[in-house]
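Before any comments, here is the structure.
The values are calculated or read from the model by the stated rules, or taken from the named source; none is laboratory data. Predicted, not measured: the structure shown is a model, and the values here were computed from it. Cβ coordinates were reconstructed from backbone atoms using ideal geometry, including for glycine residues, and neighbour counts include every protein chain displayed.
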């Protein structure tokens, strides 16, 4: 049992922002990275970010001239790789998370709270997270973090 616990705690963790989910739906790089590292890295996303991605898929698909119905199964595939974190698990970090991101976009607090809960960096393209005291990775360099898993 101790060996199993060590294996779980040794796994790399990464919290995804909603914009990464959407990049996974509309592009290939994010999806490829998720699929490549799904067995060695634990990917997480706050429930509100997953709901945001679902909400904006239709709008983004229409702007890009893509059938929105074709995008939903892609997001569902990503949902099989990431763990969606319920607010009840990360809300105890809300005050600290809001303070860290207050000068940028306080609405992003769930991502910071999830990162604090899991002691994990954030994968995002949103510059509002930079300077929040939480390690961040962008898609262009997250492979450096992932391949060390």
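Would you mind finding the one in 126, 108 that is buried (at least 19 other Cβ atoms within 10 Å of the Cβ) and touching a helix residue (DSSP H, G or I) at 6+ places or on another chain (Cβ under 6 Å)?
108
Residue 43 fails exactly one of the following numbered conditions: (1) loosely packed, with under 15 Cβ neighbours inside 10 Å; (2) modelled with pLDDT of 95 or more; (3) under 22 Å from residue 140 (Cα atoms). What is the number of that condition?
(1)
For the condition surrounded by 15 or more Cβ atoms within 10 Å (Cβ to Cβ) and either under 19 Å from residue 114 (Cα atoms) or modelled with pLDDT under 95 (or both), what is the one hit in 18, 51, 11, 69?
After ruling out the rest, the residue left standing is 18.
Tell me which residues, restricted to the range 138-149, are part of a helix (DSSP H, G or I), in contact (Cβ under 8 Å) with a residue 24 or more places away in the chain and more than 13 Å from the chain's Cα centre (by Cα).
Initial filter on the range 138-149 (part of a helix (DSSP H, G or I)): 142-146.
Subsequent filtering for residues that are in contact (Cβ under 8 Å) with a residue 24 or more places away in the chain retains 142-143, 145-146.
The answer is 143, 145, 146.
Of the residues that sit in the range 72-92 and are surrounded by 18 or more Cβ atoms within 10 Å (Cβ to Cβ) and either assigned to a helix (DSSP H, G or I) or modelled with pLDDT under 95 (or both), which one is farthest from the chain's Cα centre (by Cα)?
This residue is 90.
I'd like the residue in the range 93-137 that is assigned to a loop (DSSP other than H, G, I, E, B) and under 11 Å from the mean Cα position of the chain (by Cα) and, out of all such residues, is farthest from residue 23 (Cα to Cα). Working first, answer last.
Just the residues of the range 93-137 that are assigned to a loop (DSSP other than H, G, I, E, B), to begin with: 102-105, 119-121, 124-126, 130-135.
Okay, now just the ones that are also under 11 Å from the mean Cα position of the chain (by Cα), so 120-121, 124-125.
Details: 120: 20, 121: 18, 124: 10, 125: 10 Å.
Out of the qualifying residues, it is 120.
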